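The values are calculated or read from the model by the stated rules, or taken from the named source; none is laboratory data. Computed from a predicted model, the values in this text were never measured in an experiment. As a convention, Cβ positions derive from the backbone with ideal geometry for all residues, glycine included, and neighbour counts pool all protein chains shown. The area values use the complete protein model at the heavy-atom level, side chains included, leaving out ligands, DNA and RNA. Shrake-Rupley method; radii C 1.70, N 1.55, O 1.52, S 1.80 Å.
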Amino acid sequence: MYKIGIAGAGAMGGRIGVSIKEAGYDVTLIDNWEAHVKRINTDGMDIKTETDSYSVNIPAVLTKDVSTEFDLIIILTKAMHSEAMLQQLQEAGCIHQNTAIMSMMNGLGHEERLSQIVPLSQIYLAVTMWTAGLRGPGQLLLEGEGSIYLQSADGETDDHTHAILQILNDANLNAQISSNVFEAIWSKATLNSVLNPLCTILNKTIYEFGNYPASDEMVMPIIEEIVAVAKAKDIHLDSHALLKKVESAYPKEAQGLHYPSMHQDYSKGRLTEIDYLNGQIAAYGKTFNIPTPINAMLTHLVHQLESKLQ
Ligand code: NAD
């Protein structure tokens, strides 16, 4: 049986880890937050859903103390902490030649950064429509339904791909092997690159942003830059379909009443994933000589906000 480590076990890592553990797998949560790890080991992970409250026994370990060799490591830190996490796991001997490393984080370029630490052939990419929240250390809020698309970063479908699919589906996580995971990742990153910075800068819910009559005039130029950069990376996106995807989040009965995660992070005084969304678009734009002034400006605006946090 696969030994599975969840590297970064906050809201989303907690959700994925607990679901896989409940399906009977050997799962360890790996995290840096001492109070969280302590409470999970003492009382189990406390879970609240729309209809139920219960707790799940699952081992948790501080990153500095982990030494287990894993067959599968799912990375769900915030994007800016993923390389340090992978490096620590590598140095602690947790990664062997055949360990699959799967990123399920939001944002772009993870395969490029993580493959500086482990070979690309060991890296898998997933994009998830599940959501999760933390109510406090060791306390998850799990609402709604979701899905996962996954593929190896080099596009090969190997034994790990099928094994990971089986694990996720045994855990009722509604997973599929994608034939083009990059398209799914870029499509979600586009949604996040529009709504995360705009709602954070404007201090608006998604519904409040979408309620502005000319919101599409703000959204489309961001999307067009992303589509141009994606094309240079041989990823083909449809700007009108992406605009529709953004607009479908506006209604109150969709995601409208929520503030996007970037707004939530900023409000809690935490740094954001902007460099892995608009910032990564602007960086690719520089590489390919494609102008991305709007994505660059959004990145600067969010960094300006973040600079007030220190
Ligand atoms: P999170 O903030 O819940 O957890 C990330 C890390 O921060 C964890 O190591 C966690 O222990 C730590 N942390 C959280 N609160 C803390 C506190 N008060 N004190 C100290 N440490 C704390 O992040 P997440 O939402 O699980 O996101 C992980 C990745 O998954 C990101 O790339 C995110 O974009 C992506 N993602 C999240 C969701 C979601 O609904 N949460 C959905 C899809 C993708």
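Take the residues in the stretch 64-79 that are more than 17 Å from residue 16 (Cβ to Cβ) and within 15 Å of the ligand (Cβ to nearest atom); name whichever of them is most open to solvent (accessible area, probe 1.4 Å).
The initial filter retains those residues of the stretch 64-79 that are more than 17 Å from residue 16 (Cβ to Cβ), namely 64-69.
Next, only the ones that are within 15 Å of the ligand (Cβ to nearest atom) stay: 64-66.
On the way: 64: 142, 65: 89, 66: 9 Å².
Checking each candidate, the answer is 64.
I'm trying to understand the selection: among the residues of the stretch 28-54, which are touching a Ser or Thr at 6+ places or on another chain (Cβ under 8 Å), within 15 Å of the ligand (Cβ to nearest atom), over 27 Å from residue 165 (Cβ atoms) and in contact (Cβ under 8 Å) with a residue 60 or more places away in the chain? Don't jump to the end; show me each part of the working.
Taking the stretch 28-54 and keeping what is touching a Ser or Thr at 6+ places or on another chain (Cβ under 8 Å), we get 28, 30-32, 43-47.
This time we only want the ones that are within 15 Å of the ligand (Cβ to nearest atom), so: 28, 30-32, 45-47.
Adding the requirement that they be over 27 Å from residue 165 (Cβ atoms) leaves 32, 46.
Selection gives 46 alone.
Run down 120, 108, 72 and say which single residue is closer than 24 Å to residue 270 by Cβ and either at pLDDT 95 or above or hydrophobic (A, V, I, L, M, F, W, C) (or both).
Values: 120 fails: closer than 24 Å to residue 270 by Cβ; 72 fails: closer than 24 Å to residue 270 by Cβ.
After applying the criteria, what remains is 108.
Residue 117 is checked against (1) open to solvent by 70 Å² or more (accessible area, probe 1.4 Å); (2) in contact (Cβ under 8 Å) with a residue 12 or more places away in the chain; (3) part of a loop (DSSP other than H, G, I, E, B) and fails just one. What number does that condition carry?
Unmet for residue 117, out of (1) open to solvent by 70 Å² or more (accessible area, probe 1.4 Å); (2) in contact (Cβ under 8 Å) with a residue 12 or more places away in the chain; (3) part of a loop (DSSP other than H, G, I, E, B): (1).
Restrict the check to the stretch 59-81 and report whether at least one residue is part of a helix (DSSP H, G or I), within 21 Å of residue 161 (Cβ to Cβ) and polar (S, T, N, Q).
Kept after step one, since they are part of a helix (DSSP H, G or I), are these residues of the stretch 59-81: 63-65, 79-81.
Filter once more, so that each one left must be within 21 Å of residue 161 (Cβ to Cβ): none.
The answer is no; no qualifying residue exists.
Do you know which of the residues in the stretch 142-170 that are of a type outside the set (D, E, K, R) and within 16 Å of the ligand (Cβ to nearest atom) is most open to solvent (accessible area, probe 1.4 Å)?
Initial filter on the stretch 142-170 (of a type outside the set (D, E, K, R)): 142, 144, 146-153, 155, 157, 160-169.
Next, only the ones that are within 16 Å of the ligand (Cβ to nearest atom) stay: 142, 144, 146-150, 168.
Values: 142: 14, 144: 35, 146: 11, 147: 25, 148: 1, 149: 74, 150: 0, 168: 2 Å².
Looking at residues that are of a type outside the set (D, E, K, R) and within 16 Å of the ligand (Cβ to nearest atom), I get 149.
So the check is Cβ under 8 Å with 6+ separation or different chains; which pairs have a first residue in the stretch 15-27 that's surrounded by fewer than 21 Cβ atoms within 10 Å (Cβ to Cβ) and a second one that's assigned to a helix (DSSP H, G or I)?
Every condition considered, the pairs that remain are 23/167; 23/170; 24/170; 25/167; 25/170.
Here is a list: 53, 82. Which entry is buried (at least 16 other Cβ atoms within 10 Å of the Cβ), closer than 22 Å to residue 146 by Cβ and either of a type in the set (S, T, N, Q) or modelled with pLDDT under 95 (or both)? Step through it out loud before you land on a result.
Details: 53 fails: buried (at least 16 other Cβ atoms within 10 Å of the Cβ).
Answer to the check: 82.
Which members of the stretch 177-200 meet the condition of being surrounded by fewer than 23 Cβ atoms within 10 Å (Cβ to Cβ) and more than 15 Å from the ligand (Cβ to nearest atom)?
Of everything in the stretch 177-200, those that are surrounded by fewer than 23 Cβ atoms within 10 Å (Cβ to Cβ) and more than 15 Å from the ligand (Cβ to nearest atom) turn out to be 177, 178, 179, 180, 182, 183.
I'm trying to understand the selection: among the residues of the stretch 84-141, which are touching a Phe, Trp or Tyr at 6+ places or on another chain (Cβ under 9 Å), away from the ligand (no atom under 12 Å from the Cβ) and more than 23 Å from residue 186 (Cβ to Cβ)?
Correct list: 89, 94, 95, 96, 99.
Just checking, how many residues over the stretch 228-249 are crowded, with 20+ Cβ neighbours inside 10 Å and of a type in the set (Val, Ile, Thr)?
Of the residues in that region, 2 qualify.
For the stretch 1-27, which positions are outside any helix (DSSP H, G or I) and within 15 Å of the ligand (Cβ to nearest atom)?
Narrowing the stretch 1-27 to residues outside any helix (DSSP H, G or I): 1-10, 23-27.
Result: 5, 6, 7, 8, 9, 10.
If you go through the stretch 277-286 one residue at a time, do you hit one that is farther than 24 Å from residue 207 by Cα and more than 20 Å from the chain's Cα centre (by Cα)?
Yes, the stretch 277-286 has at least one match.
Which of the residues spanning the stretch 28-50 are closer than 24 Å to residue 145 by Cβ and either in contact with a helix residue (DSSP H, G or I) (Cβ under 6 Å, 6 or more places away or on another chain) or open to solvent by 20 Å² or more (accessible area, probe 1.4 Å) (or both)?
Once the filter is applied, which keeps residues that are closer than 24 Å to residue 145 by Cβ and either in contact with a helix residue (DSSP H, G or I) (Cβ under 6 Å, 6 or more places away or on another chain) or open to solvent by 20 Å² or more (accessible area, probe 1.4 Å) (or both), the stretch 28-50 yields 29, 45, 46, 48, 49, 50.
Looking at the stretch 218-310, what helices (runs of 4 or more DSSP H) fall wholly within it and have at least 3 residues that are away from the ligand (no atom under 16 Å from the Cβ) and either without any contact (Cβ under 8 Å) to a residue 12 or more places away in the chain or out of contact with any strand residue (DSSP E or B) (no Cβ under 9 Å at 6 or more places or on another chain) (or both)? So that I can check it myself, show each step before the final result.
Values: elements: 239-247, 261-267, 278-288, 293-307.
By residue number, 239-247, 278-288, 293-307.
Hey, can you tell me all the residues within the stretch 93-113 that are open to solvent by less than 30 Å² (accessible area, probe 1.4 Å) and more than 21 Å from residue 11 (Cβ to Cβ)?
Looking only at the stretch 93-113, we keep the residues that are open to solvent by less than 30 Å² (accessible area, probe 1.4 Å), and these are 94-95, 99-105, 107-111.
Passing the criteria: 94, 95, 99, 100, 109, 111.
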